[in-house]
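Below is one structure, written out as C-alpha cells, with a few remarks after it.
None of the figures in this text is laboratory data; all of them are computed from the coordinates on show. As the structure is a computational prediction, the values presented were derived from the model and not from experiment. Here the Cβ is made from the backbone with ideal geometry for all residues, glycine too, and neighbour counts use every protein chain on show.
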Amino acid sequence: MAKKSHELIYGIHAVEAALRKQPENVLQVFVQQGRHDKRIGKIISIARNSGVAIQSISNDKIKEKCPRSRHQGLVAEIRTGQRDVPSLDEILERDSILLLVLDEVQDPHNIGACLRTADAIGVDAVIVSKNRSPALTPVIRNVASGAAETVPYIMVSNLARTLDKIKDSNVWVMGTSGDSHSNIYDTSATQRMALVMGSEGKGMRRLTREACDELVSIPMQGSVESLNISVATAVCLYEIRRQQNQATS
C-alpha cells in the first residue's frame, strides 16, 4: 500500500504555522464561508502572498473534511514528508542541547501539548519510539498550535539504544519517576540535557529507566498522586531551562 503523501490540518494556529514555516508544502487552504474576522483575514493574506490556493466552502463541507474536530473555520491540505528536519546526529553537534524524550506517550492531545511547551522552552527536538507513539497527526498538529512545524519530531526504532547514543555524546539524561527520592528542584542542570518522560500511569519502561543517568520526581503536596504528562513535562522543562540560564548568567 502506498504511503499517504497528503494530509489535512485544521485550526488557526496550525494552518498559520504551516503557511509561515513551510508554504511550499501547503497545497490548498479551505475557509468556511462567511468568515471575515481579522485572524482569518491575516491567514488568507499570508496564503495569497505565498501563492497558495484558497477555496471558500460551506461549514458542512468543512465538517466532512474534519469531523469531530474544532476546525475554527480553517482547514489546509499539506504535503507530508517534505519538511527539512535536522537529524539527531546534527542536533548532537550543538554546544547547548535540551531534548525531550517521550516513552510510550500515545495520546495525541498530550503529545501536541508537549510539543507546544517544547517550542516555548526552545527544546531542540522531541524524540519518540516509532512503535510506541504516533506519527504527527492532524490532532497533534492542532493541539500543538503550530509547534509541530517548528520543533523536530524525531521517531526512532529503539529508544533505549538512542538514549545510549545521546549519553555517548556527553548529554546528561534525566528521567522522571514518582518513586525517586530526588526532586527536580534539587538537581543541577548542565548545558547538554535530555529529559525523559514516561507514559501516564505506566511511567517509563524498564530499559528506558535503566538508560537514564538520573531519576527525579516532582514534589506533590496535595491529595492527587501525579500530574497529567503534558503538565509534568512543562514543570520539568521550565525548571531545567531556569537552571541552565542561571548557570550561564
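Descriptive notes on the structure:
- Within the chain, helix-based [θ] at 222 nm, where runs of 4 or more DSSP H residues each add -39,500 (n - 2.57), nearest 500: -11000 deg cm²/dmol
- The Met155 and Arg20 beta-carbon pair, evaluated with R₀ = 25 Å, returns a calculated FRET efficiency of approximately 0.55.
- Applied to segment 113-127, the Karplus parametrisation 6.51 cos²θ - 1.76 cosθ + 1.60 on θ = phi - 60° returns per-residue 3J(HN,Hα) values of 5, 5, 5, 4, 5, 4, 5, 4, 7, x, 5, 6, 6, 10, 10 Hz, with x for Gly and Pro.
- Rounded to the nearest 10 degrees, the angle from helix 229-248 to the longest Cα principal axis of the chain is 70 degrees.
- Order by protection proxy (mean Cβ within 10 Å, highest first), peptides 242-249, 148-155, 18-25: 148-155, 18-25, 242-249
- The H on the amide N of Val101, modeled in the peptide plane, is under 5 Å from the matching H of Ile127, Leu195, Val196, Met197, each at least 5 residues off or on a different chain.
- Applied to segment 7-17, the Karplus parametrisation 6.51 cos²θ - 1.76 cosθ + 1.60 on θ = phi - 60° returns per-residue 3J(HN,Hα) values of 8, 9, 10, 8, x, 4, 5, 5, 5, 4, 5 Hz, with x for Gly and Pro.
- Distance violations [Cα-Cα > 25 Å] among Lys21/Lys202; Lys130/Lys165; Lys42/Lys130; Lys21/Lys65; Lys63/Lys130; Lys21/Lys167: Lys21/Lys202; Lys42/Lys130; Lys63/Lys130; Lys21/Lys167
- Relative to the current alpha-carbon distance between Thr137 and Ser249, full extension at 0.36 nm per residue lengthens the span by 36.4 nm.
- With respect to the chain, whose longest principal axis is taken over its alpha-carbon atoms, helix 159-168 is tilted by about 60°.
- Extension gain, Ser69 to Asp95, is 5.3 nm, computed as 0.36 nm per intervening residue step minus the present C-alpha separation.
- Summary of packing: across the peptides 132-142, 172-182, 28-38, the per-residue average of other C-beta atoms within 10 Å ranks them, highest first, as 132-142, 172-182, 28-38.
- Segment Ser177-Ser5, length gained on full extension (0.36 nm per residue, minus Cα span): 58.1 nm
- Structure-derived Cα extents along the principal axes in Å: which label, when the choices are (i) 57, 46, 43; (ii) 54, 39, 36; (iii) 66, 55, 42: (i)
- On the beta carbon distance between Gln191 and Val231, with R0 = 30 Å, the FRET formula returns roughly 0.75.
- Helix 38-49 axis, angle to the chain major axis (alpha carbon atoms, nearest 10°): 80 degrees
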